[in-house]
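> Pasting a structure here, questions to come.
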Amino acid sequence: MHVQNVQYKSSRSVGLARKHLQELRRRDFVDGSALIDGSWIATELKDPVLDPATGEEIAEVARCSSANMDMAITAAERAFPAWRDLLPLERGAILRTWARLMRDHSAELAVLVTSEQGKPLDEARFEIAYGAGFLDWFAAEGERAYGETLPSHKPGSLLQVRMQPIGIAAAITPWNFPVAMITRKAGAALAAGCPVIVKPAPETPLSALAVARLAEEAGIPRGVLQVLVGDPVALSEPLLRDPRVRTLSFTGSTQVGRLLLERSAETVKKVSLELGGHAPLIVFDDVDLHKAVAGAMAAKFATSGQDCLAANRIYVQKGIYGAFVEAFAAAIAQLKVGHGLEPTTNIGPMTKLSVANKCRAQIEDALTKGARLISSKEGPGLGQNFVAPALLCDVTDDMLIAREETFGPVAAVLPFDSEEEVLARANASEMGLAAYVYTDNLRRAIRLSEKIEYGMVGINTASFTGPPIPFGGWKQSGLGREGSRHGIQEYMELKYVCFGDLAA
Ligand code: NAD
């Protein structure tokens, strides 16, 4: 059993997710069958889907086997030529229809996301819109996948570079954005002309299967998009060993990413990885305090902290430190913790108990090493996947929270003196996904944006993601980029063609 069997202490919202799921008009969204070669497969063995807020079983899904995955790879191989040979405009039209269907079903998809992932319903609705946006974006990118004509270095010859689909793509996706991480990968693969096999996280299979139903309704042909749920190792093994799978895109932990990269070497797959973050957010004492606090709130507490872009180290210059901590603590105290389906909730449960436990361990470690904890109340009757939003201040670089990603609603504030010092501390990490800088000094903003060793940098903003941006990290935060005009390249091969002997 790969889904954690959690013992929940207590439960304020027992039955809430079940009730919402029972009210869905689309009963097929909770059917739990996997999509293989155009058929919805219900396996004999099933896995439970749990509401992370209460630990209740809310649905059952198929447990696909390695043999099912082998069948899916063969189906994708069969489906590839016809999909590749469609005009980009035709593929784009299907992707745009899929995006429209997602928007039409936004309310129901959001209920699925919140029920199994835990995030507040508003954030789930935002995720559906964000996810649909990648389909529209890549529909257009497919139409613009231009090659090049090269100025020739040989007499009587014409040199071309073409962009062609790489072949079967595998997408292994996480539980924190169970819809958008699928469309960001599948949208790019499908627009490029590749069939794609998705293996979603076992914690969030319902969202993945529901968007696959909409893809099928949009007209994606049999075998072109397949979604298999079940044990991660059993399902990824065939994908890794099979040379017909030409590219692998993964979002998740650095530890698993490293393993997949190593295994992909056997068949020399193209690999794109979006791994952990450990974002620094630097606040200089020249800023508007309220804007900086609002930025820190957004960068820390979105997705209840379970976000690879989350600000993990909030460095505040000493001149503004006391005032910042006070205002930040006051803002955190306003956050409401609860079931994501309760309309007042800002912070839901952690999707996995291991994430909640990691938060608790980081708090404990910081307290033994001298940090101060300012924490809001958890509220009555919440289970052990809940972590109260917490503020740790006077954090030092030797504490666990300053060295590794938290992935939960625990904010760490660290004082600093100078620009030079904070830049060195921010860069002293093997992670390099996102960084944030708050300053009103233009020269300083430009200097830092140049010298900070991160793939994505927000200057005076905590909100920068979306389809047009090249999402990805430096160092051990990953390889390759998703979204933007670069994202489709992960699913394409360059072909150089030389026409010779052209002289009349
Ligand atoms: P994980 O890396 O174990 O899970 C991510 C995906 O990988 C899931 O689909 C999972 O089923 C799959 N997976 C896990 N083990 C696998 C294996 N051996 N072979 C093939 N696939 C495998 O992540 P996690 O344990 O659920 O979360 C741990 C930490 O990872 C988090 O605390 C966070 O730091 C990081 N994380 C990052 C992101 C992100 O957006 N970059 C997303 C999820 C988790």
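> Please work out which one of (1) assigned to a helix (DSSP H, G or I); (2) farther than 29 Å from residue 491 by Cβ; (3) assigned by TED's automatic domain parsing to the domain that holds residue 200 is the condition residue 44 fails and give its number.
Evaluating residue 44 over (1) assigned to a helix (DSSP H, G or I); (2) farther than 29 Å from residue 491 by Cβ; (3) assigned by TED's automatic domain parsing to the domain that holds residue 200 leaves (1) as the failure.
> On to the next question. Kindly establish whether residue 406 is in the same structural domain as residue 304 (by TED's automatic domain parsing), modelled with pLDDT of 95 or more, of a type in the set (Ser, Thr, Tyr) and within 16 Å of the ligand (Cβ to nearest atom).
When the stated conditions are applied, residue 406 passes them.
Yes/no matrix, rows are residues, columns are (1) surrounded by fewer than 17 Cβ atoms within 10 Å (Cβ to Cβ); (2) within 16 Å of the ligand (Cβ to nearest atom); (3) farther than 28 Å from residue 202 by Cα; (4) at pLDDT 95 or above:
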site	(1), (2), (3), (4)
372	yes, no, yes, yes
378	yes, no, no, no
388	no, no, no, no
396	yes, no, yes, yes
399	no, no, yes, yes
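> Do we find a residue being more than 27 Å from residue 287 (Cα to Cα), surrounded by fewer than 24 Cβ atoms within 10 Å (Cβ to Cβ) and modelled with pLDDT of 95 or more anywhere in the stretch 450-463?
Checked against the condition, which is being more than 27 Å from residue 287 (Cα to Cα), surrounded by fewer than 24 Cβ atoms within 10 Å (Cβ to Cβ) and modelled with pLDDT of 95 or more, the stretch 450-463 yields no hits at all.
> Please give the strands (runs of 3 or more DSSP E) falling wholly within the stretch 83-190 in which 2 or more residues are buried (at least 24 other Cβ atoms within 10 Å of the Cβ) and modelled with pLDDT of 95 or more.
Those strands (runs of 3 or more DSSP E) span 168-172.
> Just need a number here: residues in the stretch 208-232 that are assigned to a helix (DSSP H, G or I), within 16 Å of the ligand (Cβ to nearest atom) and in contact with a Ser or Thr (Cβ under 9 Å, 6 or more places away or on another chain).
3
> Let me confirm something: among 103, 125, which residue is in contact with a helix residue (DSSP H, G or I) (Cβ under 6 Å, 6 or more places away or on another chain) and more than 14 Å from residue 177 (Cβ to Cβ)?
The match here is 103.
> Continuing with this model, one more query. Quick one: in the stretch 349-369, of everything that is of a type in the set (D, E, K, R) and away from the ligand (no atom under 11 Å from the Cβ), which residue is nearest to residue 50 (Cα to Cα)?
Filtering first and then ranking leaves 360.
Yes/no per residue for (1) in contact with a Pro (Cβ under 9 Å, 6 or more places away or on another chain); (2) outside the structural domain of residue 338 (by TED's automatic domain parsing); (3) under 22 Å from residue 306 (Cβ atoms):
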position: 69; (1), (2), (3): yes, yes, no
position: 73; (1), (2), (3): yes, yes, no
position: 82; (1), (2), (3): yes, yes, no
position: 88; (1), (2), (3): no, yes, no
position: 93; (1), (2), (3): no, yes, no
position: 103; (1), (2), (3): no, yes, no
position: 110; (1), (2), (3): no, yes, yes
position: 116; (1), (2), (3): yes, yes, yes
position: 120; (1), (2), (3): yes, yes, yes
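> Another one. Scan the stretch 173-213 residue by residue and report those that are in contact with a strand residue (DSSP E or B) (Cβ under 6 Å, 6 or more places away or on another chain) and of a type in the set (D, E, K, R).
The answer is 184, 185, 199.
> Quick check on residue 447: is it in the same structural domain as residue 463 (by TED's automatic domain parsing), under 16 Å from residue 318 (Cβ atoms) and modelled with pLDDT of 95 or more?
For residue 447, the condition - in the same structural domain as residue 463 (by TED's automatic domain parsing), under 16 Å from residue 318 (Cβ atoms) and modelled with pLDDT of 95 or more - is not met.
> Starting from the stretch 242-264, keep only residues that are at negative phi and of a type in the set (S, T, N, Q), then list their pairs with residues that are modelled with pLDDT under 95 and near the ligand (Cβ under 8 Å from one of its atoms) whose Cβ atoms are within a distance under 7 Å, requiring at least 6 positions of separation or different chains.
Pairs found: 253/276; 254/276.
> Another question about this same structure. Specify the residue that is farthest from the chain's Cα centre (by Cα); the eligible residues are those in the stretch 160-200 that are within 16 Å of the ligand (Cβ to nearest atom) and small (Gly, Ala, Ser).
169
> Also: Mind checking which pairs have a first residue in the stretch 61-72 that is more than 11 Å from residue 36 (Cα to Cα) and a second that is buried (at least 18 other Cβ atoms within 10 Å of the Cβ) and among the acidic types (Asp, Glu), Cβ under 6 Å, 6 or more apart or different chains?
That search, which allows pairs on different chains as well, returns 61/47; 63/47.
> Something else: Go over the candidates 263, 244 one by one and state the one that is within 16 Å of the ligand (Cβ to nearest atom), among the basic types (Lys, Arg) and modelled with pLDDT of 95 or more.
None of the others qualify; the one that does is 263.
> Within the set of pairs 6+ apart or on separate chains, which have a first residue in the stretch 268-281 that is among the aromatic types (Phe, Trp, Tyr), a second that is surrounded by fewer than 24 Cβ atoms within 10 Å (Cβ to Cβ), and C-beta atoms under 8 Å apart?
That search, which allows pairs on different chains as well, returns nothing.
> Just name the residue that is nearest to the chain's Cα centre (by Cα) out of those in the stretch 75-118 that are over 23 Å from residue 302 (Cβ atoms) and acidic (Asp, Glu).
Per the stated criteria, the residue is 104.
> So, of the residues in the stretch 141-159 that are acidic (Asp, Glu) and within 30 Å of the chain's Cα centre (by Cα), which turns out to be nearest to residue 233 (Cα to Cα)?
141
The values are calculated or read from the model by the stated rules, or taken from the named source; none is laboratory data. Just so it is clear, the structure is predicted and the values come from calculations on it, not from any experiment. Note that we place each Cβ from the backbone using ideal geometry, even for glycine, and neighbour counts take in every protein chain shown.
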